[in-house]
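Colleague: I have a structure I would like to understand better, so I am pasting it below and will then ask my questions one at a time.
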Amino acid sequence: MANQTYLLEVVTPERVVVNEEVEVTSAPGTEGSLGILADHAPMLTALNIGLLEYGKHGENKKLTITGGFLEVANNKVTVLATAAEKVQEIDLSRAEAARRRAEQRIEKAQTGNSEVDIDRAEMALKRALLRLEAAKHNQ
Amino acid sequence: MAGMRDIKRRIRSIKSTQQITKAMKMVAAAKLRRAQEKVTQARPYAKRVQGVLSRLVAAVQDVNHPLLETRDVKHTGYVIVTADRGLCGGYNGNIIRKVHQDVKGRNDVSLVCVGRKGRDFFRRTGKKIEAEYVGLGEDITYAMAKEIAGKVMALYQEGVFDKVELVFTEFFSALTQKPIQMQLLPIPSPSGEAAGDDGNGVGPLYEFEPSAEAVLSELLPRYVENQIYRALLESKASEQGARMTAMGSATDNAKEMIDKLTLSFNRARQAAITKEISEVVGGAAALG
């Protein structure tokens, strides 16, 4: 079956990350993962931190995104991400360092150091873990 | 003779000043290019957030959100974006003057200062500064904007501010930058015109997930962050543009001064030679 394609755009405040025709997108919605094919009904949803996969002809590419929005309108999908990174661009050692830092911070917060913001540290840890996992998958 | 030495010394000093201004001009030109690039790269996101927001507001009846609701204005906050450093012509002066005109003599305002120059000025005039961000450096990141926006929104929601104005310099070209002021909070209801220009049009009815309100309360903070991000980027580009122009004309002025001084130096030298000759001739005549 020749699938129809549609335009997928992934934009972050700092740059346009993806702008291409795809057949399928799968995104980490706040209410669970969602897949989008061509001619999807218009929708607007918030996204969680997670993996965004997209592709055509069975070739899938992956992005890590850290929250944002996804809009479907007129057969075009726009993802407004707070930050997005292509999986092959992830720097493993940096992600590893970020994970360690976040873990230390959480530990500190649990031992009663009020200067450390535990919510932020947990978010940072989540981001780091996501990156690591995505990058390992890719290897 | 002393005249000649003096002139020579002045020429030397102006020359070294000229070298400095020339170098600064070139550095500013390079930084300007980078800053401009960032402004352009940030535009698609800004446009789409604006578009999504206005479609969303159109779709949701009775929008109710603290960041949208207008309150009686008892206290106004000004977020003012200036540079950390001087030597950029009227750049800092223009923006400070604009805010100063608004706030002087008023007790119902306080400020959030981004950039050393603005903070120093308003600290001197004794205005209340709620938060300050100095030394952001050349490379503006979204994280900085996020931090500033977070603070401003917190102040607004705590009721410290009932209205927040954002004042920054908009970049038109290396030669023209204009200080502008816009209302940041409560978020002015987006115009219908802005909705159309991201190419998606005023869309059909949406499905929302989890709900329109939830999406809206996620989106509004992003919108404010993005406004501040844009203000930082535009200001940075303007600063470099203003510096480039100012240093360019300083270099030109130095050249003009050097030309003039060289002329008077040559004249003085000529006069000295003439005097010497006439002395020699006079001496010879006296002997003969």
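Values in this text are rule-based calculations from the coordinates and carry no lab data. Please read these numbers as outputs of a predicted model, since none were measured by experiment. Counting neighbours? That spans all protein chains shown, and the Cβs are built from the backbone with ideal geometry, glycine included.
Colleague: Equivalent ellipsoid semi-axes for chain B, as square roots of 5 times the alpha carbon gyration tensor eigenvalues: give them largest first, rounded to whole Å. Before the final figure, lay out the partial values.
Modeller: Details: eigenvalues 683, 87, 33 Å².
Taking √(5λ) for each Cα gyration eigenvalue gives 58, 21, 13 Å.
Colleague: Hey, another quick one. State the antiparallel share, in %, of DSSP beta bridges confined to the protein assembly as shown, rounding to the nearest 5. Walk me through the intermediate numbers first.
Modeller: On the way: 45 of 68 bridges.
Of those bridges, close to 65 percent are antiparallel.
Colleague: Determine ³J(HN,Hα), in whole Hz, for all residues of region B:23-33 in sequence, where each value follows from phi through the Karplus function 6.51 cos²θ - 1.76 cosθ + 1.60 and θ = phi - 60°; x replaces Gly and Pro.
Modeller: Rounded to whole hertz, the list is 4, 4, 4, 5, 4, 4, 4, 5, 5, 4, 4.
Colleague: Let me ask you something else. Points 7 angstrom from Cα along the Cβ direction at B:Asn94 and B:Glu256: gap in nanometres?
Modeller: Placing both labels 7 Å along Cα→Cβ, they lie 2.1 nm apart.
Colleague: Then there is this: For region A:91-137, what is the Kirkwood estimate of the hydrodynamic radius, computed as the reciprocal of the mean inverse distance between distinct Cα atoms, to one decimal in Å?
Modeller: Kirkwood radius, region A:91-137: 10.7 Å.
Colleague: Shifting gears a bit: Given 0.36 nm per residue, what is the gain on full extension from B:Gln183 to B:Met26 after removing their alpha carbon distance, in nm? Spell out each step's value before the answer.
Modeller: On the way: separation 157, 0.36 × 157 = 56.52 nm, distance 3.54 nm.
Gain on extension, B:Gln183 to B:Met26, equals 53.0 nm.
Colleague: Still on this structure, please answer the following. Thinking of the protein assembly as shown as a set of Cα atoms, what percent of all their pairs are more than 32 Å apart?
Modeller: Details: 47187 of 90951 pairs.
Everything past 32 Å amounts to 52 percent.
Colleague: Using only alpha-carbon positions, what ratio does the radius of gyration of chain A give when scaled by 2.2 N^0.38 Å?
Modeller: Working: Rg = 16.8 Å, N = 139, 2.2 N^0.38 = 14.3 Å.
My calculation over the Cα atoms of chain A gives 1.17.
Colleague: Still on this structure, I have one more. What is the angle, in °, between the Cα long axis of helix A:118-138 and the longest principal axis of the Cα atoms in chain A? Nearest 10 is fine, range 0 to 90.
Modeller: With rounding to tens, the tilt is 50 degrees.
Colleague: Shifting gears a bit: Write down the percent of antiparallel bridges among all DSSP beta bridges whose residues are both part of chain A, to the nearest 5. Before the final figure, lay out the partial values.
Modeller: On the way: 37 of 42 bridges.
The antiparallel fraction comes to roughly 90 percent.
Colleague: Here's another thing I want to ask about it. GNM on chain B, C-alpha springs below 10 Å: top fluctuator among B:Phe121, B:Phe171, B:Phe161?
Modeller: B:Phe121
Colleague: Output the pairs from A:Lys86/B:Lys236; A:Lys61/A:Lys86; B:Lys47/B:Lys151; B:Lys22/B:Lys178; B:Lys74/B:Lys163; B:Lys15/B:Lys260 with a Cα-Cα distance over 19 Å in this structure; if there are none, say none.
Modeller: Values: A:Lys86/B:Lys236 28 Å; A:Lys61/A:Lys86 8 Å; B:Lys47/B:Lys151 24 Å; B:Lys22/B:Lys178 25 Å; B:Lys74/B:Lys163 8 Å; B:Lys15/B:Lys260 13 Å.
In this structure, A:Lys86/B:Lys236; B:Lys47/B:Lys151; B:Lys22/B:Lys178 exceed 19 Å between Cα atoms.
Colleague: Of the DSSP beta bridges with both residues in chain B, give the percent that are antiparallel, rounding to the nearest 5. Before the final figure, lay out the partial values.
Modeller: Numbers: 8 of 23 bridges.
That works out to approximately 35 percent antiparallel.
Colleague: Which cross-chain or sequence-distant (5 or more) residues have an amide H under 5 Å from the amide H of A:Glu20, H modelled 1.01 Å from N in plane?
Modeller: HN-HN under 5 Å from A:Glu20: A:Leu8.
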